[in-house]
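Since every read-out is calculated from the coordinates, none of them should be taken as a lab result. As the structure is a computational prediction, the values presented were derived from the model and not from experiment. All Cβ positions, even for glycine, are placed from backbone atoms using ideal geometry, and neighbour counts span all protein chains on display.
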Amino acid sequence: MQDYQDILSEILIDEQTLQTRIRELGEEINRDYQGKDLLLICILRGGIVFMVDLMRHITVPHQIDFMAVSSYGAGVRQTGGSVRLSLDLKTDIRNKDVLLVEDIVDSGNTIAYVLEFLHTRQPRSLKVCTLLDKEERREASVPINYRGFNIPNKFVFGYGLDLDEYYRNLPFIAVVDLSKYHPPA
Amino acid sequence: MQDYREFIDEILVDEKTIGNRVAELGAQISHDYAGQELLVVCLLRGGLTFSADLTRHLTIPHTLDCMSLSSYGIGHYASSGNVRVNLDLMTNIEGLNVLLVEDIVDSGRTLAHVLQMLRTREPRSLHACVLLDKKYRREVPVEVTYVGFDIPDKYVFGYGIDIDEYYRHLSFIASADLKKYKK
């Protein structure tokens, strides 16, 4: 694995800015869900770090659950296509206030499908919280209720987001210089 | 949901102590695997907070994967001790250094069983790292290479560990006075 400094183009969002914003999001969620009972859903694996830090700032009663999704067939998912659930929720979400927590919304295809799918189970409310929003890339319409940062259409990594599964543990969000990056064999 | 202050018995490990110990474990693991690569396997859901914080302190190249398990039969990993895999690893671990990260080990049945299952896939090495060790409850021998804290046989919550799915977000580990806890 290359040292991240060798492939770094720029640090897009530093650790302090991230943590300050996550605290704000937590406070906003606390206000909005005052008196309610919330279920946070993390989509594995990118959303893990964000969810763990966000949860620390959520003081309204809440539970967490996980979903893992993959695509049918090879290659990138097409607009409107289905997503395969490799891990479904343990919780029955009927009449629950559900907040889907994502690391990044890009084309929006996967999350649009997941939302559609979860709606069929009739939650009381279903909202989306994403740390990063790459709006330029959007193909599907996704209502985003809580947004950490709008980011440009650049290849990012760190803070839960991987490059070929590495670098998830970096405390900041960085842009990779693809001309310097050599994917592992 | 009941306010945890109504049923807390005591804070067993406070936030700062957890933070320091997790950093130490990260440094120790980075040292032990120096020059190698590691796959960190997080056992959902209790191990999530610990895994996320632990990996921040790893300086060696590593990847992260998750497993979700439940028991066959009724109760908390009761009966035969066999565990059902709800979500298996995405990674083929053959020939890899694997570190299983768990929040707590008590009877050791689940952990022993998972280690056994994973060994059939012939990883290069396989070790366990648990934040909390309830040694007094051990029923089967299980080798835990990295331990955060030895704790007494009390009902604990916080820092990823739930009571009826709540209280995972608390920054410390506390014991509950179950007489005062209302479900």
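In peptide A:85-96, how many Cβ atoms from other protein chains are near each Cβ within 10 Å, on average?
Values: counts 0, 5, 7, 2, 0, 6, 1, 0, 0, 0, 0, 0.
What the average comes to for A:85-96 is 2.
Excluding same-chain neighbours fewer than eight residues apart, the aspartates and glutamates reachable from B:Lys180 by a Cα-Cα span under 20 Å are B:Asp3, B:Glu6, B:Asp9, B:Glu10, B:Asp153, B:Asp162, B:Asp164, B:Glu165. Only lysines eight or more places from B:Lys135 in sequence, or on another chain, were considered; those with a Cα closer than 17 Å are B:Lys154.
Averaging over all projection directions, the Cα-based convex hull of chain B occupies 10.3 nm² in the image plane.
Per residue of peptide A:39-46, the mean number of Cβ atoms on other chains within 10 Å of the residue Cβ is 3.
Between B:Arg56 and B:Lys154, the contour length at 0.36 nm per residue exceeds the Cα-Cα span by 32.4 nm.
Restricting the count to DSSP beta bridges whose residues both fall in the protein assembly as shown, what percent are antiparallel, rounded to a multiple of 5? Display every interim value, and only then the final one.
Working: 24 of 70 bridges.
Rounded to the nearest five, the antiparallel share is 35 percent.
Looking at region B:15-154 alone, DSSP beta bridges between its own residues are antiparallel in about 15 percent of cases.
The calculated Kirkwood hydrodynamic radius for chain A is 17.2 Å, given to one decimal from all distinct C-alpha pairs.
On a per residue basis, the convex hull of the C-alpha atoms belonging to the protein assembly as shown measures out at 147 Å³. Find me the longest stretch of chain A that has none of the exposed trypsin sites (Lys or Arg not before Pro), where exposed means in a DSSP loop (not H, G, I, E or B) with at most 16 other Cβ atoms within 10 Å. That gives A:37-89 as the longest site-free run. Each part reduced to its alpha carbon centroid, region A:162-185 and region B:133-158 end up 36 Å apart. Take every DSSP beta bridge whose two residues both sit in region A:108-185; close to 50 percent of them are antiparallel.
Each label was represented as a point 7 Å from its Cα along the Cα-to-Cβ direction; for A:Asn150 and B:Asn20 these points are 4.5 nm apart.
Would you order A:Ile111, B:Ile173, A:Ile151 from fewest to most other beta-carbon atoms within 10 Å of each residue's own beta-carbon? Spell out each step's value before the answer.
Working: A:Ile111 22, B:Ile173 25, A:Ile151 19.
Ordered from fewest to most neighbouring Cβ atoms within 10 Å, A:Ile111, B:Ile173, A:Ile151 come out as A:Ile151, A:Ile111, B:Ile173.
Placing unit charges on the Cβ atoms of the charged side chains and taking the dipole of region A:15-151 about its Cα centre, the candidate lying farthest along the positive direction among A:Asn109, A:Gly26, A:Thr130 is A:Asn109. With 21 Å as the limit on Cα-Cα distance, the pairs of A:Lys36/B:Lys182; A:Lys36/A:Lys127; A:Lys127/B:Lys183; A:Lys90/B:Lys183 that go past it are A:Lys127/B:Lys183.
Cα to Cα, under 19 Å, and not fewer than 8 places away if on the same chain: which lysines meet these conditions relative to A:Lys180? Within the straight-line cut-off, A:Lys180 pairs with A:Lys154.
Could you tell me what % of all Cα pairs in region B:28-133 have separations over 17 Å? Intermediate values should be presented prior to the final figure.
Details: 2850 of 5565 pairs.
I get 51 percent for the Cα pairs in region B:28-133 exceeding 17 Å.
Across peptide B:31-44, the average count of Cβ atoms from other chains found within 10 Å of a residue's Cβ is 1.
Helices in chain A, meaning DSSP H runs of at least 4 residues, each add -39500 (n - 2.57). Divided by all residues, the mean residue ellipticity at 222 nm is -6500 deg cm²/dmol.
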